[in-house]
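Below is one structure; the comments refer to it alone.
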Amino acid sequence: MTIRILLVDDHKTMLWGLERLIQAEGDAFQLVGSASDGIEARALCAEFKPDIVLLDLDLKGSSPIDFLPALIQNGVTRVVILSANRDQATLAAAVKAGARGVVSKEAPTDDVLAAVRKVHGGELWLDQSLMQALLGQLCAPAPEARPGAQRIASLSARERGV
């Protein structure tokens with residue numbers, strides 16, 4: 001089965017390298033298009049409905065986190081973030097917005113290809129530190145909305161009325 005890929009990066013050299021990497025995989029991968037901004041990415045994604053979008057998180061002029069949900073709304077496409085950004089909060093926000101993989105631009109090409117295959121197969125591809133950050137957010141106790149809110153909630157309706 002061929003994995004259909006859309007590339008989104010604002011650096012032409014990076015796009016060129018990723019295109020060559022995908023082409024070198026022969027029939028396993030098919031490049032359906034390349035975009036350099038969010039508008040072009042949304043249009044190509046709507047037209048071709050790729051299996052995977054390899055998305056640079058550091059696009060100039062727009063935040064890919066803002067348009068990431070639009071890329072996956074067709075129910076077919078999954079997003080793998082390819083970024084030099086190491087900010088855990090930003091990467092976690094991308095995952096919360098729908099990305100299913102995060103790969104560093106410094107990662108070996110084998111890791112990029114493995115991430116594409118795993119995410120296409122329905123798995124997540126996250127590095128250990130990002131996984132810990134996300135799980136930490138899920139496991140952290142919810143902050144109280146107001147001081148004393150728990151005590152007030154334990155009162156009966158009559159007691160609250162008084």
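The values are calculated or read from the model by the stated rules, or taken from the named source; none is laboratory data. Quick caveat, the model's predicted, so the values are computed rather than measured. Cβ sites come from the backbone with ideal geometry, for glycine too, and all protein chains shown count toward neighbours. Areas reflect the complete protein model, heavy atoms only, side chains present, ligands, DNA and RNA absent. Shrake-Rupley method; radii C 1.70, N 1.55, O 1.52, S 1.80 Å.
Restricting the first member to region 115-133 and to residues that are buried (at least 19 other Cβ atoms within 10 Å of the Cβ), and the second to residues that are at pLDDT 90 or above and in a loop (DSSP other than H, G, I, E, B), the beta-carbon pairs closer than 8 Å and six or more apart or on different chains are V119/R100; H120/D51; W125/R100.
Every condition in (1) farther than 20 Å from R4 by Cβ; (2) touching a strand residue (DSSP E or B) at 6+ places or on another chain (Cβ under 9 Å) holds for L82 except the one numbered (1). Every listed requirement among (1) aliphatic (A, V, I, L, M); (2) in contact (Cβ under 8 Å) with a residue 40 or more places away in the chain; (3) crowded, with 18+ Cβ neighbours inside 10 Å is met by M14 save one, (3). Within region 17-32, being open to solvent by less than 20 Å² (accessible area, probe 1.4 Å) and more than 16 Å from S83 (Cβ to Cβ) holds for I22, F29.
The single condition among (1) touching a Phe, Trp or Tyr at 6+ places or on another chain (Cβ under 8 Å); (2) modelled with pLDDT under 90 that A84 does not satisfy is (1).
Tally the residues that are within 12 Å of the chain's Cα centre (by Cα) and either among the polar types (S, T, N, Q) or at pLDDT below 95 (or both), restricting the search to region 71-80. Even if it seems obvious, please write down each step before you answer.
Narrowing region 71-80 to residues within 12 Å of the chain's Cα centre (by Cα): 71-72, 77-80.
Now restrict to residues that are either among the polar types (S, T, N, Q) or at pLDDT below 95 (or both): 77.
Result for region 71-80: 1.
Across region 26-50, the number of residues qualifying as touching a helix residue (DSSP H, G or I) at 6+ places or on another chain (Cβ under 7 Å) and not β-branched (V, I, T) comes to 9.
Only a single criterion out of (1) part of a helix (DSSP H, G or I); (2) modelled with pLDDT of 90 or more is not satisfied by G122, namely (1).
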